[in-house]
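S.K.: Please find one structure pasted underneath; my questions will follow.
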Number of protein chains: 2
Amino acid sequence: MEQGSSLVKIANKKTALVTGGAGFIGSHLIDSLLAEGATVVCLDSLLTGREKNLRHLQREARFDLIQADIIDALPRTVARTAFTHVYNLACAASPPHYQADPEHTMLTNVVGTRNLLRLAEEKKARFLLTSTSEVYGDPEVHPQPESYRGWVSCTGPRACYDEGKRAAETLTFDYQRMRRADVRVARIFNTYGPRMRPDDGRVVSNVICQALAGDDITVYGDGSQTRSFCYVSDLVAGLMRLMDSDVTDGPVNLGNPVELTVSDLVERVVRMTGSTSRIVNRPLPVDDPRRRKPNIERAKALLGWEPRVALQQGLEATAAWFAEEQAEARPAEREAREELMVEVAAE
Amino acid sequence: MEQGSSLVKIANKKTALVTGGAGFIGSHLIDSLLAEGATVVCLDSLLTGREKNLRHLQREARFDLIQADIIDALPRTVARTAFTHVYNLACAASPPHYQADPEHTMLTNVVGTRNLLRLAEEKKARFLLTSTSEVYGDPEVHPQPESYRGWVSCTGPRACYDEGKRAAETLTFDYQRMRRADVRVARIFNTYGPRMRPDDGRVVSNVICQALAGDDITVYGDGSQTRSFCYVSDLVAGLMRLMDSDVTDGPVNLGNPVELTVSDLVERVVRMTGSTSRIVNRPLPVDDPRRRKPNIERAKALLGWEPRVALQQGLEATAAWFAEEQAEARPAEREAREELMVEVAAE
């Protein structure tokens, strides 16, 4: 299921900018674009994205990584490149990360998206915004079609992300309405897979990491809230199809409609990993959605897209990747612990 | 009902920045602040605000007008002044104006509000954001309490304003949560009164101006959509009370809950002005709200505020003001027409 391994080395005429390309989804998208023959420039502030997600591309001639924040004026190299496609994936996406600096989260979505729309306008490049199921807030309609206007608190602690993305959609469709850019908008539902951050704070990575480490598994609320999880390769395939499509008249949901409760997920992971972890319940965070499930009829009809990877298969691949990560990290961790003990002893 | 006429000339310790102060509501707020003894600096881009709204203050020592856009770095004079209060009223508020440059509308609300929040943080000044009933979109709940999360399309042509204001609220409450500023947020419902622009494009000014000129009166849709109109002096009294209050834990609706249909309004104005205008129906604009009426229980309970000016009284004052405006404008108009005819004759 790793896509970087089978790069087709025939260059095509696509020159893509991927912002947030060092992140979980962004790095998989870059693999797919390179496999397709595109030239790719990745722009990432590396605030939550990680260079190691792109380490395997160090010697790839058609790839470049630039560290920069899309809030600022775009680097000269970017301004000079004749991009044909701009993918905007730049924004911390997990609550603990995006709530750490809510002002920065809002501006990343608004000012950052505006900067990239202007670039797309100047280059006459296609523009794709990765929006989010968070624009639906805590939905009252189930599953959520694109026409559902959402149930979002614009004053709460999740608003910097939810309202930021809503505002980014607004700007994007305003550019479309004014014929300033040729745009696509994906609303991404929960996605999981290799290269998630272990400290991402979201349920799949949390549960797998805790189960593998034998730590207590945290369940917020009673675990009866539902989620629908899409494996990252399916999601990236959807993004590629959307960019190549002519669907410019509104956002498209991309996600897996198979719904399960958080408790079901925990049970599966515990069984799969043979973990001996205890389950610990903690209070539900403010504005945490109770249910979230995409209606993907639009993606099916207009893109001929639907997810293919079964949950069991995806979870196994993800758990295997996290297990490898933890094994790699262990010597470094042990060293750090030993150093700490030396320091403590010296005091 | 004109408030500028009775200025109390005893200076108090309030030094207020009013952005958008050359606008309809802003200029009345400045009159009230000056009457209370405050020193006031008005910042206005004059894109929709008009200098003539402040002409009567030309010789007022406690008043200053600076032309600047809050999107840009704040002028040095502003950065140097020890403001105690910041009122952010800067943003085009009528659909034809805010839709003319949707990107600018969004950035006025997001980047502009952020710039003013930073100023308030630096000066340890109280900050008041004038938000809008538009954050409720086309509401499904009637009347709308502050807890209602709204029914807003984030991709439609009104979104630059609606989502812009929602994002401005988000930023404001994030500053509050992080203890970076001491904030107040008012959600303003339809307001009317002297100093509205005749080309404002909203129903009260449209209908009065058309009735006075004997032009056809445009009614969008069948006229059965309802609005609730608050006279500007009531609204300004509410803003003053809110700023002086300790209500920092959420937005407060300010508006008049007396609801009437657009057709009712037209009939009243026609009767009042003795107009012979015909009524012409036009299609309803996209996303136009069908009903809008504030629940003001929060303002009543926490601010002891409610509107006092009856609709008939407010409409008469407004119509009288517009009649005077049209009389003033007439000689200039005639000259312009005559010039045009000379030009045409010369061709």
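S.K.: Anything in region B:77-99 that is closer than 17 Å to residue B:187 by Cα and assigned to a loop (DSSP other than H, G, I, E, B)? List them, or say none.
M.R.: Hits for region B:77-99 are B:89, B:90, B:91, B:92, B:93, B:94.
S.K.: Scan region A:41-71 for residues that are open to solvent by 80 Å² or more (accessible area, probe 1.4 Å) and within 24 Å of residue B:114 (Cα to Cα) and jot them down.
M.R.: Answer for region A:41-71, where residues must be open to solvent by 80 Å² or more (accessible area, probe 1.4 Å) and within 24 Å of residue B:114 (Cα to Cα): just A:47.
S.K.: Being without any contact (Cβ under 8 Å) to a residue 40 or more places away in the chain and either surrounded by fewer than 20 Cβ atoms within 10 Å (Cβ to Cβ) or touching a Cys at 6+ places or on another chain (Cβ under 8 Å) (or both): is that true of residue A:170 here?
M.R.: Spelling it out, residue A:170 is indeed without any contact (Cβ under 8 Å) to a residue 40 or more places away in the chain and either surrounded by fewer than 20 Cβ atoms within 10 Å (Cβ to Cβ) or touching a Cys at 6+ places or on another chain (Cβ under 8 Å) (or both).
S.K.: Looking for whichever is aliphatic (A, V, I, L, M) and part of a helix (DSSP H, G or I) here; the options are A:43, A:47, A:54. Which one fits?
M.R.: A:54
S.K.: Quick one: in region B:215-238, which of the residues that are touching a residue at least 60 places away in the same chain (Cβ under 8 Å), among the charged types (D, E, K, R) and closer than 22 Å to residue B:288 by Cβ is least open to solvent (accessible area, probe 1.4 Å)?
M.R.: My answer is B:227.
S.K.: Can you pull out every residue in region B:248-291 that is within 14 Å of another protein chain (Cβ to nearest Cβ), more than 21 Å from the chain's Cα centre (by Cα) and farther than 19 Å from residue B:221 by Cα?
M.R.: B:248, B:249 - these are the residues of region B:248-291 that are within 14 Å of another protein chain (Cβ to nearest Cβ), more than 21 Å from the chain's Cα centre (by Cα) and farther than 19 Å from residue B:221 by Cα.
S.K.: Do the conditions hold for residue B:109, that is, is it within 14 Å of another protein chain (Cβ to nearest Cβ) and open to solvent by less than 10 Å² (accessible area, probe 1.4 Å)?
M.R.: So residue B:109 fits the description; yes.
S.K.: Right, here's the next one. Of all residues in region A:179-215, how many are touching a strand residue (DSSP E or B) at 6+ places or on another chain (Cβ under 6 Å) and farther than 14 Å from residue A:263 by Cα?
M.R.: 13
S.K.: Of everything in region B:43-64, what is hydrophobic (A, V, I, L, M, F, W, C) and in contact with a helix residue (DSSP H, G or I) (Cβ under 6 Å, 6 or more places away or on another chain)? Give them in sequence order.
M.R.: Answer for region B:43-64, where residues must be hydrophobic (A, V, I, L, M, F, W, C) and in contact with a helix residue (DSSP H, G or I) (Cβ under 6 Å, 6 or more places away or on another chain): B:54, B:63.
S.K.: Is it the case that residue B:31 is under 20 Å from the mean Cα position of the chain (by Cα) and more than 23 Å from residue B:109 (Cβ to Cβ)?
M.R.: yes
S.K.: Within region B:134-245, considering only helices (runs of 4 or more DSSP H) that don't extend past its boundaries, which have at least 2 residues that are within 14 Å of chain A (Cβ to nearest Cβ)?
M.R.: The helices (runs of 4 or more DSSP H) meeting that bar are B:159-177.
S.K.: Could you tell me which of the residues B:297, B:316 is of a type in the set (D, E, K, R), within 20 Å of residue B:196 (Cβ to Cβ) and modelled with pLDDT of 85 or more?
M.R.: Within the list B:297, B:316, the selection yields B:316.
S.K.: Out of A:97, A:104, report the one residue that is open to solvent by 10 Å² or more (accessible area, probe 1.4 Å), more than 11 Å from every other protein chain (Cβ to nearest Cβ) and out of contact with any strand residue (DSSP E or B) (no Cβ under 8 Å at 6 or more places or on another chain).
M.R.: That would be A:97, the only listed residue that is open to solvent by 10 Å² or more (accessible area, probe 1.4 Å), more than 11 Å from every other protein chain (Cβ to nearest Cβ) and out of contact with any strand residue (DSSP E or B) (no Cβ under 8 Å at 6 or more places or on another chain).
S.K.: Oh, and also: If residue B:68 satisfies every condition in (1) modelled with pLDDT under 95; (2) in contact with a strand residue (DSSP E or B) (Cβ under 8 Å, 6 or more places away or on another chain) but one, which is the exception?
M.R.: So the condition that residue B:68 fails would be (1).
S.K.: Name the single residue, out of those in region B:112-129 being open to solvent by less than 10 Å² (accessible area, probe 1.4 Å) and outside any helix (DSSP H, G or I), that is nearest to the other protein chains (Cβ to nearest Cβ).
M.R.: Residue satisfying both the conditions and the ranking: B:129.
S.K.: All but one of (1) open to solvent by less than 10 Å² (accessible area, probe 1.4 Å); (2) over 13 Å from the mean Cα position of the chain (by Cα) hold for residue B:196; which doesn't?
M.R.: With respect to (1) open to solvent by less than 10 Å² (accessible area, probe 1.4 Å); (2) over 13 Å from the mean Cα position of the chain (by Cα), residue B:196 is out only on (2).
S.K.: In addition: In region A:275-334, how many residues are aliphatic (A, V, I, L, M) and touching a strand residue (DSSP E or B) at 6+ places or on another chain (Cβ under 9 Å)?
M.R.: 12
S.K.: Which condition from (1) assigned to a strand (DSSP E or B); (2) touching an Asp or Glu at 6+ places or on another chain (Cβ under 7 Å) is the one that residue B:287 breaks?
M.R.: All conditions are met except number (1).
S.K.: Among the residues in region B:81-88, are any more than 10 Å from chain A (Cβ to nearest Cβ), of a type in the set (A, V, I, L, M, F, W, C) and open to solvent by less than 10 Å² (accessible area, probe 1.4 Å)?
M.R.: yes
S.K.: Using the structure shown, decide if residue A:74 is among the aliphatic types (A, V, I, L, M), in a strand (DSSP E or B) and open to solvent by 30 Å² or more (accessible area, probe 1.4 Å).
M.R.: no
The values are calculated or read from the model by the stated rules, or taken from the named source; none is laboratory data. The shown structure was predicted, so the numbers you read here are calculated from the model rather than taken from an experiment. Reconstructed Cβ throughout: ideal geometry from the backbone, glycine too, with neighbour counts over all protein chains shown. The area values use the complete protein model at the heavy-atom level, side chains included, leaving out ligands, DNA and RNA. Shrake-Rupley method; radii C 1.70, N 1.55, O 1.52, S 1.80 Å.
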